[in-house]
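The values are calculated or read from the model by the stated rules, or taken from the named source; none is laboratory data. These numbers come from a predicted model, not from an experiment. Ideal geometry is used to build each Cβ from the backbone, glycine not excepted, and the neighbour counts take in all protein chains shown. For accessibility, only protein heavy atoms count, side chains too; no ligands or nucleic acids. Shrake-Rupley method; radii C 1.70, N 1.55, O 1.52, S 1.80 Å.
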Amino acid sequence: MPVPVPRQRAIPAVECGQAPAASSDSGPSKEQAPPGTHPAEHPTTRRENPTEKREKPTDTSPDTSTGTDSRTSTGTDSRTSTGTGTDSRTGTDTGAGRTHTDRTTQSAAPTNLTVLLIEDDPAGSPIVPDLLDQAGKPIRVRTARNLTEAGRLLTDDVHCILLDLALSAPAPARTSADGGGNGNGGGDAEDHDELAVLRHVLELAPRHAVLALTSSSDAERGAEAVAVGAQDYLFRDELDGRLLSRAIRYAVERKRSDSAERRLAEGRLRAQENRRLERGLLPTPLLAGSPLRFAARYRPGRSRALLGGDFYDVVRTPDGTVHAMIGDVCGHGPDEAALGVELRIAWRALTLAGLCGDELLGTLQQVLEHERSDDEIFATLCAVDISPDGRRAGLCLAGHPSPLLSRPGEPARLLPYDNNGPALGLLPGARWPRMQVELGAEWSLMLYTDGLIEGHVGEGRERLGQDGMVEMVRRQLAEGLAGEELLRATVNEVRELNGGELADDVAVVLLDRTA
């Protein structure tokens, strides 16, 4: 025999879309977990039902349908509802055995926003009206009566917290210094803090937007709440559904904007620190007292970096000899850049200590073998030592391209590289012969890494190569370029021929001597 539908089942009328939404005076949809009582016994349910009963009187009549769910009036399961009224996933549902999870997964009207309301309201009197998001869908409202419940309900899908500032703050932990249970001690300072509950919520949910609710006579307290960390404050006794919905959306977006701005600022600080560090690791040539002119161009292949795996240095020893070096660690990451700095510093120290040629490179290889993170990492290097009179130079190559020499009245040419030794880190016990080179009275010597010659020419697979670089520099010298202008024009033209930024690090060093 059909069983009459209980009065409390008026809510499914809205749930199944057969009746309009509850009016704003009937309170919002709320999830209260864990519920203190069965929804059918809660006083709020009885206060909310009359409106729905007036809107759909058939809900109080016996259900004469056969084989249909008593939660519907047309034989259609309420889970197909498209109504925009009271959220059917709230604690007002009286269906037996339906849990919070059931209400969450069976709702047919997905919401974009979820709000957690934290209020101390034992009677269950609603203070939040019905809420709709920007798309007209109901905003899901969960209710917590204290911070303990709030901690359980504060899941990743919660976007905003509505906090009633009238909520009692949690009692501070008592210690022996508090004088036992007499209530006097270290907790007094917090007891007098009117925003203690807000501070607890901000500590509990640092990534969530928070709206503070206070009375209209306590605007100063609301302003203080914003200063402490809330996104905004509203008057509890003047809440309007449209105003509150807009305030929630604003608070959520403002929190997202603040978080993004904070992350951006942190990223900028890290970038500035990295740039200061990398700038400090770039070499400062030691050429005091030398008639040679120095110019350098450095372009790391890594995006937004100042330092790459290429490295160079120039120093003048007390005997007047000028030592210049340029090298390249295989790879392009920060580890390779750090290893390049270590090799450069080691080279300078060994040079100032009097080492040169094969002896210096052999010791430098030992440094590389001890400092590299992988046995397959190696480094190429070109080292020259120019005599005090500036007319001769010794040249050592460790798997590195040969320097480019230009002199007045002669076409620029590459220095011999027949005795080029292996790259550092490839062969234990390797040797690097030192070649003697005649420079003359006036000359220009350019040292470079392979990033300058391995760029593409046009859209094909052809690369610039050493021959293309020599022709390019000859043309630029004929145009009267020298020093910084020559290096700038060379690097820019190589980049243009490549059709964009070069994939490899580029370092170029230029030493000039005039008669």
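Total residues in the range 229-260 satisfying the condition of being surrounded by 15 or more Cβ atoms within 10 Å (Cβ to Cβ) and part of a helix (DSSP H, G or I): the figure is 11. The set of residues in the range 385-412 that are open to solvent by 10 Å² or more (accessible area, probe 1.4 Å) and in a strand (DSSP E or B) comprises 385, 392, 406. If you take the residues of the range 358-384 that are among the hydrophobic types (A, V, I, L, M, F, W, C) and over 35 Å from the mean Cα position of the chain (by Cα), which of them is surrounded by the fewest Cβ atoms within 10 Å (Cβ to Cβ)? Here the answer is 367.
The criterion of at least 2 residues that are farther than 19 Å from residue 298 by Cα, open to solvent by less than 20 Å² (accessible area, probe 1.4 Å) and not charged (D, E, K, R) is met by none of the strands (runs of 3 or more DSSP E) wholly inside the range 422-515. Cβ-Cβ contacts under 6 Å between residues 6 or more apart (or on different chains), taken from a first residue in the range 342-360 that is within 13 Å of residue 317 (Cα to Cα) to a second residue that is polar (S, T, N, Q) and part of a helix (DSSP H, G or I), are listed as 350/363.
Within the range 276-303, residues that are at pLDDT below 90 have Cβ atoms under 8 Å from residues that are in a helix (DSSP H, G or I) and open to solvent by 30 Å² or more (accessible area, probe 1.4 Å) in these pairs: 283/348; 302/334, counting only partners at least 6 apart in sequence or on another chain. Sub-7 Å Cβ pairs linking a first residue in the range 397-414 that is at positive phi to a second residue that is part of a loop (DSSP other than H, G, I, E, B) and not hydrophobic (A, V, I, L, M, F, W, C), at least 6 apart or interchain, are 399/420; 399/422, ordered by first then second residue. Restricting the range 194-216 to residues that are in contact with a Leu (Cβ under 8 Å, 6 or more places away or on another chain) and part of a loop (DSSP other than H, G, I, E, B), which is surrounded by the fewest Cβ atoms within 10 Å (Cβ to Cβ)? Looking at residues that are in contact with a Leu (Cβ under 8 Å, 6 or more places away or on another chain) and part of a loop (DSSP other than H, G, I, E, B), I get 194. Screening residue 417 with (1) open to solvent by 20 Å² or more (accessible area, probe 1.4 Å); (2) in contact with a Pro (Cβ under 8 Å, 6 or more places away or on another chain); (3) touching a residue at least 24 places away in the same chain (Cβ under 8 Å) gives one miss only, at (3). Taken residue by residue, the range 366-377 has no member that is of a type outside the set (A, V, I, L, M, F, W, C) and in contact with a strand residue (DSSP E or B) (Cβ under 7 Å, 6 or more places away or on another chain).
Within the range 351-381, how many residues are in a loop (DSSP other than H, G, I, E, B) and closer than 13 Å to residue 432 by Cβ?
Total satisfying the criteria: 2.
Exactly one residue out of 353, 383 is of a type in the set (Gly, Ala, Ser) and over 17 Å from residue 447 (Cα atoms), and it is 353.
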